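First comes the structure, then the notes that go with it.
Just so it is clear, none of the values below were taken in a lab; they were calculated from the coordinates. Owing to the predicted nature of the structure, the values given are computational and were not obtained by experimental measurement. Ideal geometry is used to build each Cβ from the backbone, glycine not excepted, and the neighbour counts take in all protein chains shown.
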Amino acid sequence: MLKPRLILAPLLLVAQFALAHWAAAGERPPAPPDFSRFPAEFGEWQQLQDDPITPDIAVELGFDRVLSRTYVNRQASLRGSLLVLWYQSQRAGHSQPHSPKMCLPGTGWMPEATGEVTIDTPDGAITVNRYLVAKGKERAAVLFWYQRPRRVVAGEWAAKLWLVADAVRDKRTDTSLVRIILWETAAGDDAALAAAIGLARSFYPVLREHLPR
C-alpha cells in the first residue's frame, strides 16, 4: 500500500501549481535585480573571482538573473562560493528553482550530514538548510535557502505553500535560491560550518538590499 505522503505529495504539487497560476493571474513581476552592482567586499570577505555558469547549465536552471562568485577571507584563509539564482515568476509553465538536494549528488557531492540551522543576522534570524558534503578527498559545508520578499524558507514544500500566500497578497511570485559553499580547511567540519554561518550572517543583509522589495 502506498504511504499517505507518497499520495499527497503529487496532489499538493498539482494544487500548488493551480493555485499559484490563479493567484498570480494579475501578477506584477518586479524589475530584475542588478547583480553587477553587488559589492566586491562585505565584512571580512573580499571577491576573488566571478564564476560564470555555462550556457547549457544556464538553460537547464532557467533563472532570470544570477550572482555566482567566490569570496575569500584572507585573514582566516577561508574560501566560499556564493550562488543566487533569481526567478522573476513562478507561474505555471515558468522555471522553478532546482533544489541543491538533487543537484549536489548529481555533481558528485554526497551528503554526510543534513539538517537545518538558525542564523542570527543583523536583519533578523533565518532558518536555512545545512549540509556537510564530500567528493573524494574534498569536503565542504553547504547552506541553502529559498528567499522571497517577505521571508526566508528552508523547506521546498513550505516554499511552495508560501508562494501561494504571497502571490495572493502581493501579486508577485519572484523568488531566489541562495546557496553558500564553504570549502573545508584542515580545521574540520565544525569549523567549516561555523565559517559558512559567518559568511551567511554577513552576506544576507547585503543580499536583501539588492533584491526587489
With +1 on the Cβ of every Lys and Arg and -1 on the Cβ of every Asp and Glu, and nothing else charged, how large is the dipole of the stretch 146-213 about its Cα centre, in debye rounded to the nearest 20?
540
Positive dipole terminus of the chain, leading residue within Val72, Ser36, Gln90 (C-beta point charges):
Gln90
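Are there DSSP H segments in the chain that both extend 15 Å or more along their axis (alpha-carbon positions) and score a mean Kyte-Doolittle hydropathy of at least 1.0? List them, or say none. Before the final figure, lay out the partial values.
Numbers: long enough: 4-23 (27 Å, 1.40); 156-170 (20 Å, 0.17); 189-210 (31 Å, 0.31).
What comes out of the filter, once short or polar helices are dropped, is 4-23.
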Compute log10 of I(q)/I(0) for the stretch 101-185 with the Debye formula, placing one identical point scatterer on every Cα and leaving out solvent, at q = 0.17 Å⁻¹, to two decimals.
-0.75
If you project the alpha carbons of the stretch 49-102 onto their three principal axes, what span does each projection cover, largest first, in Å?
47, 21, 21
Give, rounded to the nearest 20 debye, the magnitude of the charge dipole that the stretch 74-137 has about its Cα centre when Lys and Arg contribute +1 at Cβ and Asp and Glu contribute -1 at Cβ.
320
Placing +1 at every Lys and Arg Cβ and -1 at every Asp and Glu Cβ, with all other atoms neutral, what dipole size does the stretch 77-213 have around its Cα centre, in debye to the nearest 20?
500
Listed residue (Val164, Pro205, Ala58) projecting farthest to the positive dipole end of the chain, Cβ model:
Val164
